[in-house]
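The values are calculated or read from the model by the stated rules, or taken from the named source; none is laboratory data. Note that this is a predicted model, so its numbers are computed, not measured. Counting neighbours? That spans all protein chains shown, and the Cβs are built from the backbone with ideal geometry, glycine included.
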Amino acid sequence: MTAETNSATMATARSGAILFVEDNVEDFVIAHRQLRDCNVSNPVRCVPTAHHLTRYLEGSGDYADRDLYPLPAVIVMDLRLPEVDGLQAQAWVRSKLKFRKIPIIAISSEEQVKVLRSAVTLGADAFLLKPFKAREFFHLAEQKNLPVDYKRA
C-alpha cells in the first residue's frame with residue numbers, strides 16, 4: 001500500500017459518522033454538544049432503536065442517502081433500548097461481515113457496569129458510563145485508535 005493510498009484510506013475511514021444508538025434525546029443532545037464543542041469533524045448522528053440501527057447500517061428507507069447518513073466510523077450503543085436491547089443489537093452488528101469491524105462503545109448507567117462488561121466480552125470494543133463525557137470518549141478513541149477526528153486541547 002502506498003502512502004497516498006494509505007492516506008486516502010484513512011481519510012475515508014475518518015469521514016465516517018459517530019453513530020449514537022440512544023433513545024433518550026436529552027442524553028444525545030448532551031453528547032452531541034460536547035463533541036461539537038471539541039470540534040469533532042466526524043458527522044454525528046443518532047438513531048433511537050435497534051431497528052433504526054439496522055436500517056441505518058443497511059442504508060435502507062429513510063437512511064438511504066449516504067451523504068446524510070454515512071456509514072459509522074464508531075457506534076456508541078446505549079444498552080437500554082426499547083424492544084431490542086443494546087446487547088442484542090450489538091450481536092446483530094457483529095454477526096454481519098460487512099459491519100463486524102465497526103468499533104462499538106457500549107454506554108449505560110453506573111448500575112449497569114456488569115452488563116457493560118458483558119458487552120465487552122461479547123464484542124464491544126469498550127464501554128463508557130453515563131452521562132457521556134467527551135474527555136473519556138476521546139481517551140478511549142486514542143487508546144483504541146478509533147477513527148475520530150477532533151481538536152486536541
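Residue count for the stretch 103-125 under the criterion of being charged (D, E, K, R) and in contact with a strand residue (DSSP E or B) (Cβ under 8 Å, 6 or more places away or on another chain): the result is 3.
All conditions but one from (1) touching a helix residue (DSSP H, G or I) at 6+ places or on another chain (Cβ under 9 Å); (2) surrounded by 13 or more Cβ atoms within 10 Å (Cβ to Cβ) apply to R135; the one that does not is (2).
When you scan the stretch 87-103, do you find a residue that is surrounded by 14 or more Cβ atoms within 10 Å (Cβ to Cβ), within 12 Å of the chain's Cα centre (by Cα), among the β-branched types (V, I, T) and closer than 25 Å to N42 by Cβ, even just one? Yes. Within the stretch 105-128, the set of residues being within 18 Å of K144 (Cβ to Cβ) and without any contact (Cβ under 8 Å) to a residue 12 or more places away in the chain comprises R117, T121. Here the condition is being touching a residue at least 24 places away in the same chain (Cβ under 8 Å) and part of a helix (DSSP H, G or I); of F138, F99, it holds for F138 alone.
Quick one: in the stretch 1-22, of everything that is of a type in the set (A, V, I, L, M, F, W, C), surrounded by fewer than 12 Cβ atoms within 10 Å (Cβ to Cβ) and farther than 18 Å from V148 by Cβ, which residue is modelled with the highest pLDDT? Looking at residues that are of a type in the set (A, V, I, L, M, F, W, C), surrounded by fewer than 12 Cβ atoms within 10 Å (Cβ to Cβ) and farther than 18 Å from V148 by Cβ, I get A3.
Mind telling me which of the residues D67, D62, D125, D78 ends up being surrounded by 14 or more Cβ atoms within 10 Å (Cβ to Cβ) and more than 12 Å from F20 (Cα to Cα)?
D125
The residues on offer are V47, V29, V25, and the sole one that is of a type in the set (V, I, T) and under 21 Å from P147 (Cα atoms) is V47. Does S118 satisfy the condition of being among the small types (G, A, S), under 15 Å from the mean Cα position of the chain (by Cα) and either surrounded by 15 or more Cβ atoms within 10 Å (Cβ to Cβ) or within 14 Å of I18 (Cα to Cα) (or both)? Spelling it out, it is not the case that S118 is among the small types (G, A, S), under 15 Å from the mean Cα position of the chain (by Cα) and either surrounded by 15 or more Cβ atoms within 10 Å (Cβ to Cβ) or within 14 Å of I18 (Cα to Cα) (or both).
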